[in-house]
Amino acid sequence: MARLAAIPLALLIATVPVRAQAQNLPLIRDAEIENIIRTYATPLFQASGFSPQAIDVFLVRDSSLNAFATSGLRMFLHTGLLMKAEDPLEVIGVIAHETGHLAAGHTVTRPDAARTATTAVIASYVLGLAAALATGRGEIANAAIAGGQDIAIKGLLRYSRSQESAADQFAVKVLNGTEQSPRGLLDFLRLVGGQETLFSDRQDPYLRTHPVTAERITFMENQVRRSPYGQKPAPPNLIEMHARMRAKLFGFLEAPEQVLRRYPESDTSLAARYARATAHYQAGRVEKSLTLMNALIADYPDDPYFRELKGQILFDNGRVAEALPEYEAASRLLPGSAQIHLAAAQARLELNDPDQNAAALDHLTKTLQDEPGNSFAWRLNAIAHGRLGDVGMTALSLAESAIARGNAKEALDQSKRAQRILSEGSPAWLRARDLEQLSQRRVDKAARNSN
């Protein structure tokens with residue numbers, strides 16, 4: 001493949017076939033935003049007794065206020081929540097509440113007649129999730145998951161009032177335990193609760209899936225008064241991170257001219273400059289965007305995310321040779337970011353220069369250490385090995401990519417091919433054998449289910 005960028009990134013994202021009536025749940029990936037959410041969530045998860053790595057947090061591209069948790073320790077936050085929350089404490093409070101649902105193992109209530117169908121939808125949704133989110137470079141990118149119904153958005157699932165009360169109590173405990181104010185959760189409940197008089201189709205989905213009652217608000221008001229941290233503001237570093245996150249989301253997800261009205265030239269804050277640079281990029285005003293990014297980099301030379309965004313702007317406009325140094329700088333500044341390493345690897349392979357293949361593999365190794373189920377990274381890994389003439393590792397990488405996408409038949413074929421080529425007994429050969437066995441089980445199961 002001589003030109004990887006010729007294929008839109010969204011088309012590289014794996015999906016899993018499901019029922020025709022299934023809706024898509026659009027997800028985004030962005031290294032900076034995911035890092036900010038992890039910064040918010042990690043103390044809460046730890047105080048709840050969870051390993052921070054045990055809970056997967058996903059970002060849903062949807063303008064409504066909503067957040068929900070599902071089985072398998074998965075939490076979903078809508079971009080509408082992140083963009084409308086003016087204080088990081090609101091998002092932190094919602095994360096604490098949803099962690100309460102996960103800690104208690106809450107199940108949602110629904111009509112008995114819909115229970116079987118809903119369970120099947122959740123199952124297909126979860127199966128498609130890993131494959132779809134296993135891809136994408138280190139910037140905002142759509143990941144349309146054809147893996148299940150638009151569960152919480154449509155209000156199919158609903159927590160009981162007792163579950164909501166228990167999750168609120170848990171959230172207060174965790175917030176106090178981490179010396180953070182529960183005021184953010186109260187502010188969020190007041191915001192959502194104000195929609196109760198609206199017709200249901202105009203309400204944010206959070207209100208339909210999480211009953212907001214007067215008792216809940218009164219409880220939270222009392223807890224804020226009693227908390228020793230009730231009036232404690234969010235730390236300045238979180239306030240700055242939150243402003244940057246909102247600016248980036250507005251810049252990518254809102255119409256450019258709306259962004260420029262929201263962040264006028266008179267606003268010289270870092271967040272406003274960031275938003276304007278992103279808006280001009282989205283509007284196709286590349287040179288204007290690059291000028292703004294260069295000014296930000298000059299003022300903040302050690303910021304990896306400014307380098308990453310500049311790299312993305314250049315890459316997406318066919319200026320790959322210029323993009324690569326920006327991605328490399330970002331990877332040096334933030335060596336633990338799997339997404340940035342993936343972007344650097346893709347840029348190196350896009351140059352189609354034999355001297356770049358080994359360095360691309362180094363970046364991909366770092367990506368796959370953190371995201372071993374990343375199907376797109378495995379696909380690039382196959383390309384790099386193929387260009388280096390390592391046919392066995394190419395087949396193994398294609399098998400890994402296929403199993404991550406949920407294509408067991410392809411994974412079975414490629415794992416068998418890898419075993420024929422690789423040295424018997426080597427670690428790569430053993431992995432290929434494991435993949436063959438896993439793929440065969442899945443192929444057999446699919447055949448049984450089809451009968």
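Worth pointing out:
- Cβ-Cβ FRET estimate between ASN237 and SER426, R0 fixed at 56 Å, reported to 0.05: 0.75
- Shown in residue order for region 436-451 are the 3J(HN,Hα) couplings computed by the Karplus curve 6.51 cos²θ - 1.76 cosθ + 1.60 at θ = phi - 60°: 4, 5, 4, 5, 4, 4, 6, 4, 4, 5, 5, 5, 5, 5, 7, 8 Hz (x for Gly and Pro).
- Distance violations [Cα-Cα > 26 Å] among LYS288/LYS366; LYS366/LYS445; LYS248/LYS288: LYS288/LYS366; LYS366/LYS445
- Applying a DSSP loop filter and a limit of 10 other Cβ atoms within 10 Å to the trypsin sites (Lys or Arg not before Pro) in region 214-267 leaves nothing.
- Close amide H contacts of LEU27 (hydrogens built in the peptide plane, cut-off under 5 Å, sequence separation of 5 or more or a different chain): ARG61, ALA143, ALA144, ILE145.
- Translational diffusion coefficient (Stokes-Einstein; Kirkwood radius from C-alpha pairs) of region 314-439 at 25 °C, 0.890 mPa s, in µm²/s: 166 µm²/s
- Stokes-Einstein D (µm²/s) once Rh is taken as the Kirkwood radius of region 390-451 over alpha-carbon pairs, at 10 °C in 1.306 mPa s: 141 µm²/s
- Alpha carbon centroid spacing (whole Å) that separates region 159-181 from region 215-251: 14 Å
- Structure note, pairs LYS84/LYS310; LYS173/LYS232; LYS84/LYS173; LYS84/LYS232: Cα-Cα distances above 18 angstrom occur for LYS84/LYS310; LYS84/LYS173; LYS84/LYS232.
- log₁₀ of I(q)/I(0) at q = 0.12, 0.17, 0.20 Å⁻¹ - region 222-356, Debye sum with one point per alpha carbon: -0.54, -0.91, -1.15
Any read-out appearing in this document is the output of simple, stated calculations on the displayed coordinates, not a laboratory observation. Computed from a prediction, not measured in an experiment: that's the story for all the values here. So basically every Cβ, Gly included, is an ideal-geometry build from the backbone, and we count neighbours across all protein chains shown.
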